[in-house]
Amino acid sequence: MKTYTWTKGEYTVTTDLSKVDLEKAALLMLEDGWSIHDRPVDVTISAFENSVTFICLHGEEPVGCVRLVTDFTTVAYAADMIIKKDHRGKGLSKFVFQCIFEVPVFAKMRRINLQTPDAHGLYAKFGFKPVAHPEEMMERLSSYEEAYQSFYDNRELIKELRER
């Protein structure tokens, strides 16, 4: 898969996961993330590997990320957006989203969804707004425990699907 890298001052954003300590990035999610609810590190690493993951680095240290789950054509879902607490307030969320929209397939993609408990104003700067027709949106939820167990039960299948 084609990778991208951007630099701004002392920070780098990359989609090249071979340049990232994924365990440290996953631990960042556990330390500072709002949405993962004690997700095991190996589950987060698999999620990184099976998405287009934008990692923000300070030197070699992961200090932020966002994953896009996508078909590369019509839709993407932005998940797991986080900036490490001691690096917040430096414009890094904006930098990461600027990088996302510099990738040609995401620049004018028909729909990119995200979920946030408290950063609506930030995402509005990038064109996000409340769902126009929430009555058309649905979701199917499994408990965290069931979802994580499913990952462990299906690891081989996940590898096979990734290789296709």
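The values are calculated or read from the model by the stated rules, or taken from the named source; none is laboratory data. Keep in mind that what you see is a predicted model, and the values were worked out from it rather than measured. Heads up, the Cβs are rebuilt from the backbone with ideal geometry, glycines too, and the neighbour counts pull from every protein chain shown.
When the criteria are applied in full, Asp42 meets the requirement of being of a type in the set (D, E, K, R), in a helix (DSSP H, G or I) and either surrounded by fewer than 16 Cβ atoms within 10 Å (Cβ to Cβ) or at positive phi (or both). For beta carbons closer than 6 Å, sequence separation of 6+ or different chains, a first residue in the stretch 53-67 that is free of Cβ contacts under 8 Å to residues at least 60 places away in the same chain and a second that is among the charged types (D, E, K, R) and in a strand (DSSP E or B), the qualifying pairs are Thr53/Arg67; Arg67/Asp80. Give the residues of the stretch 8-39 that are on the phi > 0 side of the Ramachandran plot and at pLDDT below 95, sorted by residue number. Correct list: His37, Asp38. Look at the stretch 125-147: where a residue is farther than 12 Å from Gln115 by Cβ and a partner is in a loop (DSSP other than H, G, I, E, B), sitting 6+ places away or on another chain with Cβ atoms under 7 Å, you get Tyr144/His37.
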